[in-house]
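Read-outs throughout are calculated quantities, based only on the coordinates presented, and are distinct from any laboratory measurement. Keep in mind that what you see is a predicted model, and the values were worked out from it rather than measured. Cβ sites come from the backbone with ideal geometry, for glycine too, and all protein chains shown count toward neighbours.
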Amino acid sequence: MQSLKLEWDENLLNKYDVSGPRYTSYPTALEFSDEYMQSDYITCLENIAQDKSLSLYIHIPFCQNICYYCACNKVITKDKSKTIQYVENLVREIQLVSSHLKAKTLKQIHWGGGTPTYLSMKQIALIMDTIRTCFDVPDDVSTEVSIEVDPRALAITDIKVLAQMGFNRMSMGVQDFDPKVQQSINRIQSFEITRDLINEARKHGFRSINLDLIYGLPLQTRETFAATLDKVIQISPDRISVFNYAHLPHRFKPQRRIKSAELPTPVEKLAIFAYIIDKLQQSGYCYIGMDHFAKPDDELAIAQNNQQLHRNFQGYTTHEEYELIGVGVSAIGSLNGQYHQNVREVDSYYHLLEQGQLPTWRGASMTFDDTIRKNVIFDLICHFYLDINQIETRYHINFKTYFSRELKMLQPLIEDKLITYSGDSIQVFAKGRLLIRNICMTFDAYLNELQEIRCFSKVI
Ligand code: SF4
């Protein structure tokens with residue numbers, strides 16, 4: 001099995017240090033329009049063929065405490081009674097969505113947040129029962145049922161309960177194990193509690209366990225992060241995601257509580273990132289792409305080797321062919337060539353569902369051009385390779401003519417040996433892989449406005 005290697009070239013990383021989308025969708029959510037109506041969504045649901053398999057994303061927005069770095073859509077509250085109305089409406093939404101669908105086979109379920117485990121086990125069980133009543137969920141290991149877990153909001157005994165409900169994949173936020181860094185971001189979480197939960201999860205059959213880390217947080221240095229990585233490697237998760245902290249206090253209010261003076265300098269941040277890449281590769285992790293690493297025997301690494309890796313709102317996935325439905329506030333779905341997003345505020349969410357309406361906020365219907373560009377961008381981001389003949393055959397276009405402007409824009413990247421273009425293919429070299437977002441941005445038809453670029457996080 002081959003593992004993708006990365007090559008570190010600091011000059012090039014500095015040269016191409018711009019902001020860019022993470023491409024969990026194309027067009028990105030910034031292009032979604034609020035002219036997309038509930039009736040568009042209903043038509044879209046009703047047009048999904050009966051034999052299509054489905055994937056369901058469930059968003060739980062509640063968290064007990066605020067993490068200062070957080071940019072997610074969440075509701076911070078210690079009052080658990082606030083979840084009652086949310087769960088009632090979530091159940092309503094699942095029933096309503098399923099009533100518009102002929103397709104019923106659900107092959108992938110993902111709970112994200114916020115903090116899904118903020119709900120009680122009883123509430124989670126009620127939602128899972130609703131899902132099983134409304135859909136056919138095959139009872140085998142190929143059905144992925146995953147949950148994002150906050151170790152601070154889950155009793156170790158609940159792991160067994162989650163396994164009994166059918167959960168078999170888990171992702172856990174860690175960010176950093178250094179006590180001072182944890183204090184500066186208001187997220188105190190011991191190594192022991194994290195390790196014990198993961199060991200317990202393995203005992204109960206959870207696979208592809210993922211840990212999330214963040215670099216660029218206050219008080220982090222290469223040395224402190226090296227100690228964190230040592231602990232992570234000791235736990236030995238199947239997957240590791242290492243996100244770049246984007247400090248945007250003007251956009252995300254909680255980040256105003258982070259002291260800018262305590263943030264690592266750009267030079268230190270790059271040194272931390274270089275260390276992460278080196279350490280994880282030395283420890284046997286394969287680079288999957290963007291911020292993701294996985295053990296060679298993990299499903300993601302296998303899918304990448306078999307050219308079967310795909311991308312959706314949860315990041316990299318092994319299942320693109322499924323139609324993705326999002327439920328809960330701000331949840332995004334991708335189905336039948338359209339994107340759909342729910343309203344962001346819980347009050348609007350309750351109001352619409354209590355009137356028997358779907359909580360549509362906005363969406364996008366993909367044009368033919370969007371479809372081609374999505375294919376190009378997702379092939380590059382998942383495989384670091386684009387088969388031009390395949391694109392020409394699939395869409396009946398002449399690539400060189402259709403993308404003449406883009407091919408000119410790729411010239412500096414070719415000269416810097418980030419990629420090679422042969423006429424039949426585009427291949428991303430080892431030192432271009434960390435700059436994959438820049439390469440994909442060339443094919444993004446919506447990125448002409450500098451203003452839009454500023455809305456995204458830095459690529460490194
Ligand atoms: S990082 Fe996660 S746990 Fe922390 S506030 Fe954000 S959503 Fe909640």
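If you average the C-alpha positions of the stretch 281-324 and of the stretch 365-435 separately, how far apart do those two centres end up, in angstrom?
Using only Cα atoms to place each centre, the spacing works out to 20 Å.
Give the cross-link partners of Lys80 among the aspartates and glutamates, using a straight C-alpha distance below 19 Å as the criterion and excluding same-chain residues fewer than 8 apart.
Here the aspartates and glutamates satisfying the reach criterion relative to Lys80 are Glu88, Glu148, Asp150, Asp158, Glu345, Asp347.
Only Lys, Arg, Asp and Glu count, each charged at its Cβ (+1, +1, -1, -1), so figure out the dipole size of the chain about its Cα centre, rounded to 20 debye.
Values: 49 positive and 55 negative charges, 200 e Å.
Computed about the Cα centre, the dipole is about 960 debye.
Compute the Cα gyration tensor for the stretch 324-422, then decide on rounded, prolate or oblate, letting a ≥ b ≥ c be the square roots of its eigenvalues: rounded whenever a/c is under 1.5, prolate when a/b is larger than b/c in the other cases, and oblate in all that remain. Write down the numbers at each step before the final one.
Values: a/c = 3.59, a/b = 2.62, b/c = 1.37.
Here the stretch 324-422 falls in the prolate category.
Once both labels are modelled 7 Å past Cα along the beta-carbon direction, what's the Asp347-Lys417 spacing in nm?
Inter-label distance under the simple model: 5.9 nm.
Round to the nearest 0.05 the FRET efficiency obtained for Thr371 and Asp424 when R0 = 25 Å and r is the Cβ-Cβ distance. Mind dumping the intermediate values first?
On the way: r = 21 Å, r/R0 = 0.85.
It comes out at approximately 0.70.
If I model a spin label at Ser99 and Gln282 as a point 7 Å from the Cα along the Cα→Cβ vector, what separation in nanometres do I get?
The modelled label-to-label distance comes out at 6.0 nm.
Please report the relative contact order for the chain, taking Cα pairs under 8 Å with a sequence separation of at least 6, and give it as a percent rounded to a whole number. Could you put the intermediate results ahead of the total?
Details: 802 pairs, mean separation 102.6, N = 460.
Rounded, it is 22 percent for the chain.
Work from the charge dipole of the stretch 262-408 (Cβ charges, +1 for Lys and Arg, -1 for Asp and Glu, about the Cα centre) and give the residue of Ile377, Ala274, Gln308 farthest towards its positive end.
Ile377
From the residues Ile391, Ala227, Val97, which one has its Cα farthest along the dipole of the chain in the positive direction, the dipole being from +1 and -1 charges on Cβ of Lys/Arg and Asp/Glu about the Cα centre?
Of the candidates, Ala227 comes out farthest on the positive side.
For the chain, take every pair of Cα atoms, bin their distances at 10 Å starting from 0, and report each bin as a whole percent.
4, 20, 31, 29, 14, 2, 0
Checking the a/c ratio against 1.5 first, then a/b against b/c, what shape does the Cα gyration tensor give for the stretch 247-346? The partial results should precede the final answer.
Values: a/c = 3.43, a/b = 1.08, b/c = 3.17.
Taking the square roots of the gyration eigenvalues as a ≥ b ≥ c, the stretch 247-346 is oblate.
Helix-only estimate, please: 222 nm mean residue ellipticity of the chain, summing -39500 (n - 2.57) across DSSP H runs of length 4 or more and dividing by its residues, to the nearest 500.
-10500 deg cm²/dmol
For the chain, build the charge dipole from Cβ charges (+1 Lys, Arg; -1 Asp, Glu) around the Cα centre, then report which of Ile325, Ser25, Leu119 sits farthest towards its positive end.
Working it through, the farthest residue towards the positive pole turns out to be Leu119.
Greater than 20 Å separation of Cα atoms is the criterion. Which listed pairs, Lys180/Lys231; Lys259/Lys279; Lys104/Lys203; Lys15/Lys408; Lys5/Lys279; Lys52/Lys102, meet it? Mind dumping the intermediate values first?
Details: Lys180/Lys231 16 Å; Lys259/Lys279 28 Å; Lys104/Lys203 31 Å; Lys15/Lys408 18 Å; Lys5/Lys279 12 Å; Lys52/Lys102 9 Å.
Cα-Cα > 20 Å for Lys259/Lys279; Lys104/Lys203; rest within.
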